[in-house]
Amino acid sequence: MQLPLGSDPRTNMLRRLQAALIARFGRIVRPADMRRPPEWVLVHGVIGAQTKTAASNASTDGLLAECGSWEAVAAAPVEELEVRLQRQTFPSVAAQRLKDCLNAIIAERGAVDLRHLSNLAIEDAMEWLERLPGVARKNSAGVMNASLFERKAMVVDGHHRRIMQRMGMVPPKADTARTYDALMPIVPEEWSAADMDEHHLLLKKLGQTHCRPRAPHCEGCPVRADCRTGTGARAAR
């Protein structure tokens with residue numbers, strides 16, 4: 001049974017975390033003109049495994065510019081897509097997943113068009129997306145939150161998940177879906193979809209600077225006081 005929104009003490013931890021990260025890194029707000037159509041965000045996620053955001057941005061823009069439509073991308077031979085996706089870390093995997101995903105949408109909707117998701121509850125929309133080939137929780141939440149939909153879903157990437165585990169906000173081995181399920185009920189009720197997007201971007205920044213995968217730099221971390229790993233490292237000195 002989920003706790004009522006905001007009643008968990010971790011909710012205030014999230015508030016403190018947000019304030020501390022803004023104080024350290026400044027605001028990281030996605031401009032309105034940088035919000036992309038949901039279909040673009042979906043493609044970006046499907047091809048983006050272990051690839052830097054800038055490279056995936058360029059690949060996604062390039063596909064649409066060169067092919068003219070997502071339907072044309074779906075119709076392209078997988079070998080051609082692989083050539084176009086050479087920026088990606090795993091271009092052959094990305095090409096096959098993308099083709100399978102887009103064709104699955106066309107088979108059900110007649111075109112690569114996700115507008116129907118705006119009429120669904122977030123949980124139902126994400127469940128629909130996660131039935132598509134190559135789409136998992138991070139991507140489905142991204143389509144909901146980071147696209148023009150701008151809905152209240154928490155995007156959880158590797159940095160986000162690692163920090164939540166180290167802070168004790170979620171179980172140590174929680175995967176992305178379990179981390180999402182643990183966090184959503186404790187998100188501060190006053191946070192907007194844009195606040196949740198900024199929270200994700202700030203945690204990504206923290207993960208790139210202090211909370212590194214192999215050797216976290218706890219000294220000077222802006223959220224160390226609330227972190228089990230950080231306070232444990234301090235006590236061990």
Measuring from its Cα centre, the range 1-138 shows a charge dipole (+1 at each Lys and Arg Cβ, -1 at each Asp and Glu Cβ) which, in debye to the nearest 20, is 920 debye
To the nearest 20 debye, the range 113-232 has a Cα-centred charge dipole, built from +1 on Lys and Arg Cβ and -1 on Asp and Glu Cβ, of 700 debye
The size of the Cβ-based charge dipole (Lys, Arg +1; Asp, Glu -1) of the chain about the Cα centre, to the nearest 20 debye, is 1440 debye
SASA check, Met167, accessible area w/ 1.4 Å probe, all protein chains in place, rounded to nearest 10 Å², comes out at 10 Å²
Rounded to a whole %, the carbon-and-sulfur portion of the accessible area of the range 1-73 at a 1.4 Å probe is 59 percent
Charge dipole of the chain built from unit charges on the beta carbon (Lys, Arg +1; Asp, Glu -1), centred at mean Cα; most positive-end Cα among Asn139, Ser7, Ala121 is Ser7
If each part is reduced to its alpha-carbon centroid, the range 184-237 and the range 19-56 end up apart, in Å, by 18 Å
For the range 155-237, the accessible surface attributable to carbon and sulfur atoms (probe 1.4 angstrom, ligands and nucleic acids excluded) amounts in percent to 50 percent
Between (i) -0.32, -0.41, -0.60; (ii) -0.56, -0.59, -0.70; (iii) -0.38, -0.47, -0.67, the structure-derived log10 I(q)/I(0) by the Debye sum over Cα atoms at q = 0.08, 0.09, 0.11 Å⁻¹ is (i)
Given a 1.4 Å probe, the accessible area of the range 106-213 per residue, as a whole number of Å², is 42 Å²
Full extension between Glu108 and Arg27 adds, at 0.36 nm per residue less the Cα distance, a length in nm of 25.2 nm
Heavy-atom accessible area per residue of the range 1-96, all protein chains kept, 1.4 Å probe, expressed in Å², is 55 Å²
Of the candidates Ala177, Thr53, Phe149, the farthest towards the positive dipole end of the range 37-178 (Lys/Arg Cβ +1, Asp/Glu Cβ -1, centred on the Cα centre) is Ala177
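The values are calculated or read from the model by the stated rules, or taken from the named source; none is laboratory data. Not measured: the values here are computed from a predicted model. Quick reminder, even Gly has a Cβ in these numbers, built from the backbone with ideal geometry, and neighbours come from all protein chains shown. To get the accessible areas, we keep the full protein, side chains included, count just its heavy atoms, and leave off ligands, DNA and RNA. Shrake-Rupley method; radii C 1.70, N 1.55, O 1.52, S 1.80 Å.
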